[in-house]
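Scroll down for the structure; my scribbles are underneath it.
Each reported figure results from applying straightforward, stated rules to the coordinates on display, with no laboratory input. Everything quoted here is computed from the prediction, not taken from an experiment. No Cβ is skipped: glycine too gets one built from the backbone with ideal geometry, and neighbour counts run over all protein chains shown.
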Amino acid sequence: MYIFAYLRASTRQQDAERAKNNLQQFVAERGHRVASWYVENVSGASLQRPELMRLLENASPGDALLIEQVDRLSRLDDAGWIKLKELINSKSLSIVSLDLPTSYIALENHRSDDFTAAMLRAINAMMLDMLAAIARKDYQDRRRRQQEGIKKAVEHGKFKGKQANHQMHKNVIKLRLHNGMSIRETAHICGVSERQVIRITKRHLDEGNENPLIEQG
């Protein structure tokens, strides 16, 4: 059995490291190790997830999909969640989530009888669906409250949209374009995602600013 860990990328480096460390410690305590890591950069509310699809393509029957929380998979509408479960079940994968203790059985070495194993699978599937429904409702409620807050702020003339962190942008430009650091190094130092570094740099150059590295060359 191979264990494939699935993470959602965070704009805060410490959050991503914390999640990775938690998963590593969890499997190590049970005598296993993570075979490969898959880090997703797109929204958890969409089924269009390249890294998850790549994980499913690489996995074999009997392997385990490891996540920190069920909501890393389940913030989908009912149709999307059903489709995702079908994809996972078609590969005969076990879902192991740190917030779902009944799923830990997939990593245990001892073998139970067929009846007990079937009961545990049924209980785990039920708990997984329940947590998935809770995660979806929580996501929808937060989105609704956010939209209500924006609407109220607009009505009172207080909403100005998402404001850019100008100092962070300056740091990205300085490290990436002036110091010649790699995208990964810049993202790590500034505490942002690699995608943000690419976007900030592209916008800076699209606005007509010169690339000092090209000038120096």
Distance in nm between pseudo-label sites at Asn89 and Gln147 (7 Å out along the Cβ direction from Cα): 3.1 nm
Mind listing the long-range amide H neighbours of Ile95? Cut-off is under 5 Å, sequence gap 5 or more, other chains count too, H placed in the peptide plane at 1.01 Å from N. Leu65
Check which residues have an amide H placed less than 5 Å from Arg8's amide H, if you skip close sequence neighbours. Glu40
Tell me, Thr186, Thr201, Thr102 in order of fewest to most beta-carbon neighbours within 10 Å? Thr102, Thr201, Thr186
Quick one: of Lys85/Lys202; Lys91/Lys202; Lys83/Lys137, which pairs are farther than 28 Å apart, Cα to Cα? Lys85/Lys202; Lys91/Lys202
FRET efficiency (Thr102, Glu155; Cβ distance; R0 35 Å; to 0.05) is 0.15
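By count of other Cβ within 10 Å, fewest leading, how are His156, His178, His188 ordered?
His156, His178, His188
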Work out, step by step, the length gained on full extension between Arg184 and Lys137: first 0.36 nm times the residue separation, then minus their alpha carbon distance; give nm to one decimal. 13.4 nm
Label model pair Ala118, Arg33: point-to-point distance (7 angstrom along the Cα→beta-carbon line) in nm is 3.8 nm
Set the Förster distance to 25 Å, then compute FRET efficiency between Ile198 and Gln69 from the Cβ-Cβ distance, nearest 0.05. 0.35
Write down the Kirkwood hydrodynamic radius of the range 166-209, to one decimal in angstroms, obtained as one divided by the mean of 1/r over all alpha carbon pairs. 10.0 Å
Sorted from fewest to most neighbouring beta carbons within 10 Å, what does the list Arg176, Arg136, Arg18 look like? Arg18, Arg136, Arg176
Starting from the Cα gyration tensor of the range 3-137, take the square roots of the eigenvalues, sort them a ≥ b ≥ c, and report rounded, prolate or oblate (rounded when a/c is under 1.5, otherwise prolate if a/b is larger than b/c, else oblate). oblate
